[in-house]
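Participant: Quick one: the structure is below, and I'll ask about it shortly.
The values are calculated or read from the model by the stated rules, or taken from the named source; none is laboratory data. If you're wondering where the values come from, they're calculated on a predicted model, not measured in any experiment. Here the Cβ positions follow ideal geometry from the backbone for every residue, glycine too, while neighbour counts run over all protein chains shown. Ligands, DNA and RNA are stripped out before the accessible areas are found, and what is left, the full protein with its side chains, is counted by its heavy atoms. Shrake-Rupley method; radii C 1.70, N 1.55, O 1.52, S 1.80 Å.
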Amino acid sequence: MRTTFTTGTNHLFIPGPTNVPEDVRMAMNVAMQDQRGPSFGALTLGILADLKRVFRTETGQVMLFPGSGTGAWEAAITNTLNPGDKVLMARHGQFSTLWAEMAVRLGLEVEVIDVAWGAGVPVSEFARHLAADRKGQIKAVFVTQNETATGVTSDVAAVRKALDDAFHEALLFVDGVSSVASVDFRMDAWGVDLAVTGSQKGLMCPAGLGVLAVSQKALKVSETATMRRAYFEFRDFKMTCETGYFPYTPPTQILHGMRRALDRIHAEGLDNVIARHARLAEGVRRGVAAWGLQICAEHPSLVSNTVTAIRVPEGIDAREVIRIGYERYNTSFGSGLARLAGKVFRIGHLGDLNEGMCLTALAVAEMALVEAGADVKLGSGVAAAQAWYVKAAAEAVPLAAE
Ligand SMILES: *Cc1c(COP(=O)(O)O)cnc(C)c1O
C-alpha cells in the first residue's frame, strides 16, 4: 500500500499535464509583477511570435486565453460560428466526443460520424459529406489530430485535401492539444483555420493557458460571427497582439515558464523535438508488442507518438494496473477513459522526456501488469525498447537546431 511517505520522484506518464522541465519551473519562480508595467508587453509579444513558429504559421495569429484546451475549443467555436450552423465532426475517442458535445451545447447542428475508438478521422466519409453538401451548409470541419484517449493520430492534410477536392469553403478546426509541439503540425501548409492547444502538454508548462492559432480567414469570419461570447472574444485580444498587454490579468508565472519552454523547443529544434517523440514512442510500442499486448490504434499508420493506449489481457482490470503502479511504484499512468475504463491504460510520452524515462515507464508497467495477474514476461518490454533505442541512437542524425 502507498503510505503517506514516498521516496524518489513520482514518475509522471500521463498524457498531460506533462513533466515540466526544471529550468521552466525555475523560470516561473519570479515575484508577482505589474502586468501593465513597461517590460511586460515584450514578454507576451515574444511568446506570441515564437508560438507561431511552433504552429508553423506565418499568416496566422496566435492568441492566449487564461483557461485550458477546453476553453480554447470554446473560443474557437464561439468566435467564428453562428447559432444553428452545421458542422462536421467525428467521434473516435473521449476527446472528440467531448468536443462534439460542446458543439451541441453551444447550439451548433452537429453532423457527427461515429467510428471505432481506435480508428482515425474518417477522411473518405468526410469527403462524401462535403461533396454532397452542394449548398455549403457545413460551416466547419473538426479534426482531433491526436485522440489522446486512444493514442490515434489522424491525417489533417488529408482532410484539407478532401475540402479542396470538394471546392468546399468550410473552416478547418484542429484540436492539437496533445500534438502541437510534439508531432508534426503545419498550420499554413495544411490550411488549418483554427488550431487549439493548451499550455500543459507539448508546451511543457503547467495548465492555465488555452492557446489558439487563427487563420486570416477565421479572423475575418470572426468579425461577423454571431454566437454569444464575452471573455473569449477575439476582438478583445487584438490589442494584446499589438501591444502585449492583456485585457485582464494574465497568469504571469506561466508566461515566464512558456518563455523558457519555447527557448527549449527552439534550442532543440522543432524538427528534432518531433523526431525525438517518434523515436521514444516507437520504443514504447516495441515494448508493448514484446509483452504480447495490443494497442488501441487499429492500424500502424494511426499510431500516436505522444501517447500509447495499451489493451490489457482479458480478465485483467487496467484500473488495477494503474493502481499498483501508483501505490507501489510511485508511477502515474493514464487511465482508460469512458468506454475504455478498465480495458486500457495509457503511457503518455510527450513533452520533456528521454529514453531512460520511457524505460522506467515500461519497467514499472511490467511489474504492475504481472502483479495484476497478466502473463507478461518481466524485462521483455524493457529489452525490446532498449534494443530499439540503441539502434536508433546509432542511426540518429540530429538535425540542426533553429
Ligand atoms: C487534454 C486534451 C484536451 C483537453 O484539454 P484541457 O487542457 O484539459 O482542457 C482536449 N483535447 C485533447 C486531444 C487533449 O489531449
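Participant: Any idea which of Gly93, Gly84, Gly69 is of a type in the set (Gly, Ala, Ser) and either without any contact (Cβ under 8 Å) to a residue 60 or more places away in the chain or closer than 17 Å to Val221 by Cβ (or both)?
Facilitator: Gly84 is the lone residue from the list that is of a type in the set (Gly, Ala, Ser) and either without any contact (Cβ under 8 Å) to a residue 60 or more places away in the chain or closer than 17 Å to Val221 by Cβ (or both).
Participant: Has the range 208-224 got at least one residue that is open to solvent by 10 Å² or more (accessible area, probe 1.4 Å), in a helix (DSSP H, G or I) and among the β-branched types (Val, Ile, Thr)?
Facilitator: Yes - at least one qualifying residue is present in the range 208-224.
Participant: What residue, among those in the range 1-52 that are closer than 26 Å to Leu353 by Cα and over 29 Å from the mean Cα position of the chain (by Cα), is modelled with the lowest pLDDT?
Facilitator: Per the stated criteria, the residue is Arg2.
Okay, residues lined up against (1) open to solvent by less than 10 Å² (accessible area, probe 1.4 Å); (2) under 19 Å from Phe55 (Cα atoms); (3) touching a Phe, Trp or Tyr at 6+ places or on another chain (Cβ under 9 Å); (4) outside any loop (DSSP other than H, G, I, E, B):
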{"residue": "Glu169", "(1), (2), (3), (4)": "no, no, no, no"}
{"residue": "Val174", "(1), (2), (3), (4)": "yes, yes, yes, yes"}
{"residue": "Tyr231", "(1), (2), (3), (4)": "no, no, yes, no"}
{"residue": "Ala261", "(1), (2), (3), (4)": "yes, yes, no, yes"}
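Participant: Which ones in the range 165-185 are away from the ligand (no atom under 16 Å from the Cβ) and closer than 25 Å to Val24 by Cβ?
Facilitator: Residues satisfying the conditions do not exist here.
Participant: Another question about this same structure. Looking at the range 324-351, which of its residues are surrounded by fewer than 19 Cβ atoms within 10 Å (Cβ to Cβ) and touching a residue at least 24 places away in the same chain (Cβ under 8 Å)?
Facilitator: Within the range 324-351, Tyr326, Glu327, Arg328, Asn330, Ser332, Ala338, Arg339, Gly342, Lys343 meet the criteria.
Participant: Let me ask another. Here are some conditions: (1) in the same structural domain as Thr97 (by TED's automatic domain parsing); (2) surrounded by 17 or more Cβ atoms within 10 Å (Cβ to Cβ); (3) part of a loop (DSSP other than H, G, I, E, B); (4) touching a Gly at 6+ places or on another chain (Cβ under 8 Å). Tyr245 meets all but one. Which one does it not meet?
Facilitator: (2)
Participant: Mind checking which residues of the range 29-48 are free of Cβ contacts under 8 Å to residues at least 12 places away in the same chain and either open to solvent by less than 60 Å² (accessible area, probe 1.4 Å) or among the aromatic types (Phe, Trp, Tyr) (or both)?
Facilitator: Gly37
Participant: Here is a further query. Can you list the strands (runs of 3 or more DSSP E) found entirely within the range 62-158 that contain at least 3 residues being in the same structural domain as Val196 (by TED's automatic domain parsing), of a type outside the set (S, T, N, Q) and open to solvent by less than 10 Å² (accessible area, probe 1.4 Å)?
Facilitator: Filter on the range 62-158 gives 86-91, 138-144.
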